[in-house]
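The values are calculated or read from the model by the stated rules, or taken from the named source; none is laboratory data. For clarity, every value in this text was computed on a predicted model and none was experimentally measured. Reconstructed Cβ throughout: ideal geometry from the backbone, glycine too, with neighbour counts over all protein chains shown.
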Amino acid sequence: MKKSLNHVNMLSLQIFGRTRGTLTVILIISLLTTTALITMPITGCVYQTETEGAYIKYSDSFFESFDTVITVVAYAKNENEFSDCYEKIRKRFTELHKLFDIYNEYEGINNLKTINDHAGAAPIAVEEEIIGLLEFALKCADMTGGIVNAAMGSVLEIWHNYREKGINEPDMAALPPEEILQDAARHIDIKKIIVDREKGTVYLSDPQMKIDVGALAKGYATELVVSELQKDGNLISGIISAGGNIRTTGKPLDGVRARWGIGIHDPEKPVLSDGELLDVVYLNNGSVVTSGDYERYYIVDGRRYHHIIDPETLMPGEYFKSVTVVTADSGLADALSTAVFLMPCVEGRAFINSLEDVEAIWVMRDGTVEVTEGLKMILRSYGASGSGQDDRDKQDKP
Ligand code: ADP
Ligand code: MG
């Protein structure tokens with residue numbers, strides 16, 4: 001099945017929805033030049049936009065890995081070329097999902113669940129992708145002072161179970177008792193994830209420890225997939241959005257725009273609202289990743305309890321509605337958006353400013369918005385556009 005979307009000059013993507021939540025999955029393509037909106041259910045259709053040059057814009061989505069919708073938008077010379085690229089992306093995300101899965105076992109594969117199930121018992125031989133992911137997770141814990149802690153599975157599992165129950169049976173919704181959380185928190189020392197690159201094994205030296213890579217695996221996988229496709233020359237101009245973790249490659253090849261425009265969801269608006277955006281970031285070869293209190297949560301006594309848990313208090317972070325991080329590497333953007341969500345604004349700003357080529361935007365609890373200085377030049381609300389009429393064109397080679 002094929003559909004045409006004519007006269008699309010600028011495109012931003014927001015993907016909402018979860019398999020474990022109750023939300024319907026909808027892909028909203030917001031046509032920023034016309035303020036019109038197209039809302040289409042994810043059905044596996046290839047969407048094609050006519051352009052004047054040699055390239056045509058296609059998009060398609062799948063909903064079978066990383067608990068979210070993954071959308072690919074790409075310029076290609078023809079549909080076969082796009083389909084080839086799309087199928088490679090889909091296949092790779094499916095493989096990575098199986099490796100990084102903490103809930104399910106797969107025949108013939110040692111994954112993160114296998115590692116968790118053998119905590120305290122035996123090192124597990126794993127694929128290079130798992131070694132790479134866990135080395136990255138250790139690095140993230142180090143750079144964020146332990147705020148992003150992939151060894152927090154024992155605590156996160158408790159929240160996960162209470163959230164699931166609270167969503168399925170709202171009348172029974174309750175908070176996890178503090179003693180249970182404190183007990184689990186005795187088993188979150190990330191130094192007890194022993195990664196042996198030479199032997200290709202991972203061992204959890206605390207029998208009650210569990211890995212949870214929810215804070216960074218989607219971004220890490222997206223970065224890996226993009227880098228592999230770029231190396232093979234399969235993706236020269238496109239966007240991959242893994243549940244709103246967005247990574248752009250090259251520049252739009254419509255002969256008009258110089259930069260991709262990526263919409264940031266306004267956390268004040270309902271998740272399925274018709275695309276009223278907080279702002280738009282214009283960038284090529286970069287990532288835009290948001291952590292928000294509206295993404296996954298349940299309600300207890302009229303109060304919302306979301307899924308990003310402070311390792312100190314063992315409770316959901318309370319500083320912001322959302323934090324968006326913009327940087328080249330999508331794994332880093334994913335880890336940092338979770339980390340900065342759990343830091344007071346002043347501290348988070350100093351942390352982001354200490355890192356090279358990392359920018360951020362905070363939506364405070366009262367709805368006010370803070371942005372880093374460096375972000376302003378690529379933000380629509382500060383006058384940036386995707387048109388390519390300024391100095392940045394020189395930096396934005398496809
Ligand atoms: P999302 O997965 O919704 O895009 P995040 O990237 O912010 O949002 O990651 C949230 C997920 O990360 C949670 O569902 C949980 O699995 C995990 N998580 C929550 N708090 C932490 C934390 N402090 N450190 C590491 N992982 C966390
Ligand atoms: Mg994250």
Is it true that some residue in region 269-278 is over 18 Å from Val358 (Cα atoms) and of a type in the set (S, T, N, Q)? yes
Go through region 309-324 and report how many residues are buried (at least 21 other Cβ atoms within 10 Å of the Cβ) and in contact (Cβ under 8 Å) with a residue 60 or more places away in the chain. 2
Helices (runs of 4 or more DSSP H) fully within region 85-191 counting 2 or more residues that are in contact with a Gly (Cβ under 8 Å, 6 or more places away or on another chain): 128-143, 153-168
For region 192-228, name all the residues that are touching a Ser or Thr at 6+ places or on another chain (Cβ under 8 Å) and either under 25 Å from Gly286 (Cα atoms) or in a helix (DSSP H, G or I) (or both). Lys192, Ala215, Leu216, Lys218, Gly219, Tyr220, Thr222, Glu223, Val226
If Leu278 satisfies all but one of (1) assigned to a strand (DSSP E or B); (2) under 16 Å from the mean Cα position of the chain (by Cα); (3) away from ligand 1 (no atom under 13 Å from the Cβ), what's the number of the condition it fails? (2)
Taking region 231-249 and keeping only residues that are more than 16 Å from ligand 1 (Cβ to nearest atom), among the small types (Gly, Ala, Ser) and outside any loop (DSSP other than H, G, I, E, B), one is left with Gly238
Please work out which one of (1) hydrophobic (A, V, I, L, M, F, W, C); (2) within 16 Å of ligand 1 (Cβ to nearest atom); (3) closer than 21 Å to Ser381 by Cα is the condition Ala221 fails and give its number. (3)
Sort out which residues of region 91-116 are in contact with a strand residue (DSSP E or B) (Cβ under 9 Å, 6 or more places away or on another chain) and over 15 Å from Phe66 (Cβ atoms), and write them in order of number. Asn110, Thr114, Ile115, Asn116
List pairs: first in region 173-195 and among the charged types (D, E, K, R), second crowded, with 17+ Cβ neighbours inside 10 Å, Cβ under 8 Å, 6+ apart or cross-chain? Glu178/Leu314; Asp189/Ala151; Asp189/Asp206; Asp189/Met209; Lys192/Ala151; Lys192/Leu204; Lys192/Asp206; Lys192/Met209
I need the full set of residues from region 179-211 which are farther than 11 Å from Ala119 by Cα and either at pLDDT below 95 or among the charged types (D, E, K, R) (or both), in order please. Glu179, Asp183, Arg186, Asp189, Lys191, Asp196, Arg197, Glu198, Lys199
When the residues of region 250-266 are narrowed to those that are touching a Phe, Trp or Tyr at 6+ places or on another chain (Cβ under 9 Å) and part of a strand (DSSP E or B), which ends up farthest from ligand 1 (Cβ to nearest atom)? Gly261
